[in-house]
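Okay, structure first, notes after.
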Amino acid sequence: MDHNLPDAYTVRAAIALAVRAPSVHNSQPWDWRFSGRTIELRADTGRRLRQADPEGRDLLISCGCVLHHFTTAAAALGWAARVDRMPDPDLLARIELFPREPREEDIALATAIPRRRTDRRRYATRPLTAWAENRLVRSATVHDAMLRFLDGAPQRSALTAAAVEARDLHRADPDYGLELASWSGRRYAADGVPARNAVLTTAAPLVRDFSNALLTDTDAHDGAALTVLSTADDTPLDRLRAGEAASAVVLTATRLNLASCLVTEPLELPCTRAQQVC
Ligand SMILES: Cc1cc2nc3c(=O)[nH]c(=O)nc-3n(C[C@H](O)[C@H](O)[C@H](O)COP(=O)(O)O)c2cc1C
């Protein structure tokens, strides 16, 4: 046995943790293959949301999330990842693993993976410390993305208005509605948004219209911190990197005992995507 090569059990364990990553509508649009120390990640384009995500941006962001979850899990298992992003047109990442003693930080971040989940309920107001904000901002910067907190009322209102407009436009689109209904309200499926995670009669404007909602909202006055995550450009590589950064941010939030929810509905329509909020 070569101790410089990860065994199949280790790679499968890292993939099993990685696939708990967030993905749009929990569509899990990824495909993993591995041999020896090399692991390949491809997009499963059959799982792209044709109505909500015609350009495949959310699909690539989802794949970026699973890529970051994978490297985080591998690091905690004692394997550092060298990632070659988009080496071929149909390959999102080729990952090679090399033995490396896990650092405390690797273990702490990987421990957040099974604890993290999307929470669509209203959050209580508990101002974040500057230290916590910095940790979140830095977790994105490492992945070539920028995380900005929307502190001012005009910025928060601009984002909320864009989200409401996108939701209204989507409500008027029967094909979008059919697709959303087919991916949500599920009871026992391994993918899609489960009914128990969709909020019943929510007053929060940023929440999508998932079907058959079962989760009761909190009675908190909505005090969520709103942030915008951006990359320098909108190339396929930027989208993948945005997903890696999004994963790093939500895992860091979980480490800080904060709830989180990714929101992309206003980014899915050209007219709301073009609006300036910060
Ligand atoms: C690219 C992307 C876009 C998402 N967009 C939204 C969204 O607009 N609204 C929402 O409530 N959840 C959104 N999510 C969260 C997913 O619905 C969630 O990750 C998925 O249902 C799996 O659930 P979990 O995060 O609890 O594991 C998004 C996730 C990703 C990765």
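Every number here is computed from the coordinates shown, using simple stated rules; none is lab data. In this text the structure is predicted, and so the values were computed from the model without any measurement. Please note: Cβ atoms are built from the backbone with ideal geometry, for glycine as well, and neighbour counts cover all protein chains shown.
Across segment 46-78, the residues whose backbone nitrogen lies under 20 Å from the label position 7 Å along the beta-carbon direction of Thr235 are 55-65, 67-68.
When only DSSP loop residues count, what chymotrypsin sites (Phe, Trp or Tyr not before Pro) in segment 183-278 have their Cβ near at most 11 other Cβ atoms within 10 Å?
Details: sites: Trp183, Tyr188, Phe210; in loops: Tyr188, Phe210.
Those satisfying the criteria are Tyr188.
Using the Karplus relation 6.51 cos²θ - 1.76 cosθ + 1.60 with θ = phi - 60°, the per-residue 3J(HN,Hα) values for segment 69-84 come to 4, 5, 5, 5, 5, 4, 4, 5, 8, x, 10, 7, 9, 9, 10, 9 Hz, with x marking Gly and Pro.
The distance linking segment 153-231 with segment 243-278 is 13 Å (Cα centroid to Cα centroid, whole angstrom). Could you give the angle, 0 to 90 degrees to the nearest 10, between helix 174-183's Cα long axis and the longest principal axis of the Cα atoms of the chain? The angle comes out at about 50 degrees. Between Asp219 and Asp88, the FRET efficiency estimated from the beta carbon spacing at R0 = 51 angstrom works out to 0.50.
Using only the alpha carbon atoms of segment 237-278, find the Kirkwood hydrodynamic radius as the inverse mean reciprocal pair distance, in angstroms to one decimal. Walk me through the intermediate numbers first.
Numbers: mean 1/r = 0.0840 Å⁻¹.
The answer is 11.9 Å.
Using θ = phi - 60° in the Karplus curve 6.51 cos²θ - 1.76 cosθ + 1.60, the 3J(HN,Hα) couplings for segment 3-18 round to 6, 8, 10, x, 7, 4, 4, 5, 5, 5, 5, 5, 5, 4, 6, 4 Hz; x is entered for Gly and Pro.
Relative contact order for the chain: 25 percent, from Cα pairs under 8 Å spaced at least 6 residues apart, divided by residue count.
Between the helical axis of 236-255 and the dominant principal axis of the chain, each derived from Cα atoms, what acute angle in degrees is found, rounded to the nearest 10? For helix 236-255, the angle is close to 80 degrees.
Karplus-derived 3J(HN,Hα) values for segment 269-278, using 6.51 cos²θ - 1.76 cosθ + 1.60 with θ = phi - 60°, are 10, x, 6, 7, 4, 6, 6, 8, 10, 7 Hz; glycine and proline are entered as x. Rg/Rh, computed from the Cα trace of the chain with Rh as the Kirkwood radius, has the value 0.96. Among rounded, prolate and oblate, which fits segment 105-250 when a ≥ b ≥ c are the square roots of the eigenvalues of its C-alpha gyration tensor, a/c under 1.5 means rounded, and a/b larger than b/c means prolate? Here segment 105-250 falls in the rounded category.
Each of Val277, Val11 was scored by other Cβ atoms within 10 Å of its Cβ. Listed from fewest to most, they are Val277, Val11.
Can you work out the FRET efficiency for the pair Ser211 and Ala124, with r the C-beta to C-beta distance and R0 = 25 Å, to the nearest 0.05? The formula returns an efficiency of 0.40 here.
A simple spin-label model places the labels of Arg273 and Ala172 1.9 nm from each other, with each point 7 Å out along Cα-to-Cβ. Applying 1/(1 + (r/R0)^6) with r as the Cβ-Cβ distance of Asp44 and Ala80 and R0 = 35 angstrom yields a FRET efficiency of 0.85. Expressed per residue, the C-alpha convex hull volume of segment 104-165 stands at 144 Å³.
With charges set only on the Cβ (+1 for Lys and Arg, -1 for Asp and Glu), what does the dipole of the chain come to about its Cα centre, in debye to the nearest 20?
Details: 35 positive and 36 negative charges, 143 e Å.
Computed about the Cα centre, the dipole is about 680 debye.
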